[in-house]
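First up is the structure itself, then whatever we jot down about it.
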There are 2 protein chains.
Amino acid sequence: MDGLLIILSGFSGAGKGTLLKKLLTDYDDYAFSVSMTTRSPRPGEVDGKDYFFVTREQFEETIKKDGLIEHATYCDNYYGTPRDYVYDRLKEGKSVLLDIEVQGALQVMEKYPEVVSVFICPPDAKVWLERLRNRGTETEEVIMRRVNQAKREADFIDRYDYVLINDDLETAAAKLHGLIQARRLATSNQTAFIEKITKEIKNI
Amino acid sequence: MDGLLIILSGFSGAGKGTLLKKLLTDYDDYAFSVSMTTRSPRPGEVDGKDYFFVTREQFEETIKKDGLIEHATYCDNYYGTPRDYVYDRLKEGKSVLLDIEVQGALQVMEKYPEVVSVFICPPDAKVWLERLRNRGTETEEVIMRRVNQAKREADFIDRYDYVLINDDLETAAAKLHGLIQARRLATSNQTAFIEKITKEIKNI
């Protein structure tokens, strides 16, 4: 059986990255979709692992060939999800985790109605804001930019299939894995079995 | 949070009843929907536990009052699912399991689009037929009637949300419980939380 395509979005700092890493570490079922970007690698970033680093020309060529599932521009740089990479993992039976923003997520939902989309939320906005501030790595200006982004994103939560409250990492990861497993039992993901059993029954 | 309404259908002898009992025994989350019927109680059957036994007049009165979620006629007797009983359990937070045939299931799906519908299948038609025969309690004629019913039902499997293969009882029960738990995370079942977090974020 092919793997499932899974969108993970969520408010910045809701713990999406940690959840994603936990799933990749704890289970064999998953693959992480490596994005393509035109921005320069930061120290320590590995091409093909953190991102596929390409030139603007290569990126635009990939768009032209319809080689991206979704793409967007941030701070004058392109970011996108390479189609071939995702398809190869799905064929291997891996469920592919896409860590993408709302705008990209909406593009993917439109193109792939079978996608499983999950929006990750903090249990509480106050706790969330405190966590953002307590990291101590960002200026108040950056934090408020994140808050404003979250205000825009909140209007799109109901476009997602599932809302996952990330209160405790262990619990949230188990729930996330559980809902993906459940999705494998969806009728739309079992057409081969349904055909088989129907044929067998009708041939009695 | 209110409970979920869950339809369990499946080929006769696919183990639906055993699965249902296991869920009711193993978890506190569930309630079984007791059907209303005009047929006479069999020895040992308890009114209000196995069925609500009523007269034909009482049943027709209940239909008129729109007091049934679905109903059907088998062998000149009415069978139906009382609305109030189901609603009361849902309000208590219990997920209500409806053990109903395909025709009743389609009625419920139409009236309650939020219902979770599961079709239970044997892994293999040959094994299934052997199991039916090995019970030794039914004539070949009764068995063939069940087979013919299954042939008609097979055409409706894809109207259900999920297909659950009942190979091993423990595994199937865990999967069934898992998919119901996952469904609680569906956006449509979390409107109260979404409103809360959205309001909080927008008020920062």
Q) For region A:136-204 and region B:146-204, what is the separation of their C-alpha centers, rounded to whole Å? A) 13 Å
Q: At 7 Å along the Cα-to-beta-carbon direction for both B:Thr18 and B:Lys196, put a label point, then send me their distance in nm to one decimal.
A: 4.1 nm
(Q) Using the Karplus curve 6.51 cos²θ - 1.76 cosθ + 1.60 with θ = phi - 60°, what ³J(HN,Hα) values do you get for each residue of region B:183-193, in whole Hz, with x for Gly and Pro? (A) 5, 5, 8, 4, 3, 5, 9, 10, 4, 5, 5
**Q.** Cα lying deepest toward the dipole's positive end in region A:5-202, options A:Val54, A:Leu169, A:Gly93, charges on Cβ
**A.** A:Gly93
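Work out, in µm²/s and without decimals, the Stokes-Einstein translational diffusion coefficient of region A:80-196 at 10 °C, 1.306 mPa s, Rh from Kirkwood over C-alpha pairs.
Numbers: Rh = 16.7 Å.
Approximately 95 µm²/s, per Stokes-Einstein.
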Q) Peptide A:140-149: average number of partner chain Cβ atoms within 10 Å per residue? A) 1
Q: Return the FRET efficiency for the residue pair A:Val127, A:Arg152: r is the Cβ-Cβ distance, R0 is 25 Å, and the value is rounded to the nearest 0.05.
A: 0.75
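Charges at C-beta only: +1 for Lys and Arg, -1 for Asp and Glu. How large is the resulting dipole of the protein assembly as shown about its Cα centre, in Debye rounded to 20? Working shown, then result.
Numbers: 58 positive and 68 negative charges, 7 e Å.
About 40 debye.
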Q. In nanometres, what is the gap between the two model label sites at B:Arg56 and B:Asp28, each 7 Å from Cα along Cα-to-Cβ?
A. 4.6 nm
Q) Can you work out ³J(HN,Hα) from phi for every residue in region B:9-25, in order, using Karplus 6.51 cos²θ - 1.76 cosθ + 1.60 and θ = phi - 60°, giving whole Hz and x for Gly and Pro? A) 10, x, 4, 3, x, 7, x, 4, x, 5, 4, 4, 4, 5, 4, 5, 6
Q: Please give, to one decimal in nm, the separation of the simple spin-label points placed at A:Lys65 and B:Lys65, each 7 Å out from Cα toward the Cβ.
A: 6.9 nm
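Given region B:49-201, what count of lysine pairs have C-alpha atoms under 19 Å apart, with each pair 8 or more places apart or on different chains?
The result is 6.
Charges at C-beta only: +1 for Lys and Arg, -1 for Asp and Glu. How large is the resulting dipole of region B:99-204 about its Cα centre, in Debye rounded to 20?
Values: 16 positive and 18 negative charges, 65 e Å.
Charge dipole, region B:99-204, about its Cα centre: 320 debye, nearest 20.
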Q. What's the Kirkwood radius of the protein assembly as shown in Å, using all Cα pairs?
A. 24.1 Å
Q. Given only helices, namely DSSP H runs of n ≥ 4 each adding -39500 (n - 2.57), what is the per-residue ellipticity at 222 nm of chain A, to the nearest 500 deg cm²/dmol?
A. -13500 deg cm²/dmol
Q.
How are the alpha carbon pair distances in region B:5-202 distributed across 5 Å bins from zero to the largest one, expressed in percent?
A. 1, 7, 13, 17, 19, 17, 13, 7, 3, 2, 1, 1, 0, 0
(Q) Can you bin every Cα-Cα distance in region B:13-62 into 10 Å intervals starting at zero and give me the percent of pairs per bin, rounded to whole numbers? (A) 23, 39, 30, 8
(Q) If the elastic network links every pair of Cα atoms under 10 Å, which of B:Gly178, B:Gly17, B:Gly93 fluctuates the most in the Gaussian network model of chain B? (A) B:Gly178
Q.
What's the minimum Cβ distance from chain B to the axis relating it to A, in whole Å, and which residue gives it?
A. B:Ala182, 2
(Q) Over chain B, with a Gaussian network built from C-alpha contacts below 10 Å, which listed residue (B:Pro82, B:Pro122, B:Pro113) shows the highest mean-square fluctuation? (A) B:Pro113
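Averaging sequence separations of C-alpha pairs under 8 Å and six or more residues apart, then dividing by the length of chain B, give the relative contact order as a whole percent.
On the way: 261 pairs, mean separation 58.0, N = 204.
In percent, rounded to a whole number, it is 28.
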**Q.** Highest-MSF residue in chain B out of B:Ala173, B:Ala182, B:Ala154 [GNM, Cα springs under 10 Å]
**A.** B:Ala182
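Every number here is computed from the coordinates shown, using simple stated rules; none is lab data. Quantities reported herein were computed from a predicted structural model and do not represent experimental measurements. Here Cβ is always computed from backbone atoms with ideal geometry, including for glycine, and neighbour counts include all displayed protein chains.
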